[in-house]
Amino acid sequence: MLNTKDIDVSGTGPALLFLHGWPFHRETYYKIIGQLSKSFTCYALNSLGMTGRRSDSSADFSFEGHANRTLEFMRDLGETRYTVVAHDTGGTIARLMAAMAPDDIAHLILLNTEIPNHRPPFIPSYQKTSHLPGMRYLQNSLVRQRWFQRSAAGYGGCFFDPSFIDAEFISKFGTYWTKSPVRYRELMRYLRGVDFNVIDDLDNTHSEIRCPVSFIWGENDPTFPIDLGRAMALKMPTLRNFHAVPETRFLPHEEKPDRVATLILEEMD
């Protein structure tokens with residue numbers, strides 16, 4: 001289960017919950033939270049599997065499990081009406097939360113996230129090989145290699161400007177996972193919970209969402225191509241806006257945090 005160690009709280013004002021994707025954690029939002037916390041109470045959550053500690057063997061790592069657990073956790077914190085800013089797999093969890101609990105979710109702001117009937121490069125193969133012996137050691141070796149870091153199989157799809165793939169980024173979101181057997185095992189449990197049947201059914205989920213939905217999308221993303229993202233968004237009944245962020249890829253909030261923070265503020269106005 002989640003506990004208060006899994007969430008950072010900063011600022012005052014209306015509540016914003018930040019949900020990261022795989023293989024990231026709450027620190028992926030720190031560049032924008034610094035600005036947004038001037039106007040909002042910002043909750044940056046580590047989802048189960050990305051907390052850095054061992055979870056119960058019976059823990060539910062399905063998208064639905066994450067959604068139910070996060071809703072319950074926010075209610076325990078006393079928050080029953082809030083906006084969710086979510087990226088990647090966090091965006092799928094957020095959409096399920098909005099469909100499950102329309103009274104809790106006031107607004108969804110989604111960044112580069114899953115698209116029905118689209119398979120992100122490498123993810124299915126990572127799922128199939130995640131349980132094989134020695135994978136942590138192999139990954140620990142690979143993430144330390146500059147050629148791998150900037151490759152399509154590594155982090156090359158994350159940034160338009162590859163200089164962002166620096167030692168700090170690799171330490172936070174690469175070797176952080178692979179140097180610890182517990183962290184790596186939990187990271188892979190989260191990954192194996194990614195169910196493409198749920199993703200392919202998102203159009204039906206979207207029809208159940210009652211709150212406004214806004215998108216902020218890295219224009220040059222090879223993982224979730226913007227044309228597919230925009231086509232998905234245009235079919236959503238409660239779409240408010242779709243913003244493209246030029247010269248960014250999978251992580252627009254990391255690469256152009258000032259622009260993304262400004263867009264979030266505009267959407268919250």
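What to note about this one:
- Applying 1/(1 + (r/R0)^6) with R0 = 30 Å to the Cβ-Cβ distance of R210 and S62 gives a FRET efficiency near 0.85.
- The number of Lys pairs in the chain with C-alpha atoms less than 26 Å apart, excluding pairs fewer than 8 positions apart on the same chain, is 12.
- Protection proxy ranking of 242-254, 221-233 - average other beta-carbon atoms within 10 Å, highest first: 242-254, 221-233
- Summed residue charge, Cβ within 14 Å of D166's Cβ, Lys/Arg positive, Asp/Glu negative: +1
- Summed residue charge, Cβ within 11 Å of E27's Cβ, Lys/Arg positive, Asp/Glu negative: 0
- The packing ranking, built from the mean of other Cβ atoms within 10 Å per residue, places the peptides 51-59, 77-85 in the order 77-85, 51-59, highest first.
- Most to least packed among 139-148, 67-76 [average Cβ atoms within 10 Å]: 67-76, 139-148
- A simple spin-label model places the labels of R240 and D103 2.2 nm from each other, with each point 7 Å out along Cα-to-Cβ.
- Within the accessible area of segment 192-249 (1.4 Å probe), percent carbon and sulfur: 44 percent
- Per-residue 3J(HN,Hα) values for segment 199-214, derived from phi via the Karplus relation 6.51 cos²θ - 1.76 cosθ + 1.60 with θ = phi - 60°, read 5, 5, 9, 5, 4, 5, 4, 4, 5, 9, 7, 9, 7, x, 10, 10 Hz in sequence order (x marks Gly and Pro).
- A crude spin-label estimate for the pair R53 and L142, with each label 7 Å from Cα along the Cβ direction, gives 3.0 nm.
- Counted residue by residue at 0.36 nm each, then reduced by the alpha carbon distance between them, the extension gain from K179 to E72 reaches 35.4 nm.
- Charge tally in the Cβ shell below 14 Å around R189, where Lys, Arg are +1 and Asp, Glu are -1, R189 excluded: +3
- Based on protein heavy atoms only, the chain ends up with 42 Å² per residue of surface accessible to a 1.4 Å probe.
- Of all beta bridges that DSSP places with both ends in the chain, some 15 percent have antiparallel geometry.
The values are calculated or read from the model by the stated rules, or taken from the named source; none is laboratory data. What you see is a predicted model, and the numbers here were worked out from it, not measured in a lab. Please note: Cβ atoms are built from the backbone with ideal geometry, for glycine as well, and neighbour counts cover all protein chains shown. Please note that ligands, DNA and RNA were not included when accessible areas were found on the heavy atoms of the full protein model with its side chains. Shrake-Rupley method; radii C 1.70, N 1.55, O 1.52, S 1.80 Å.
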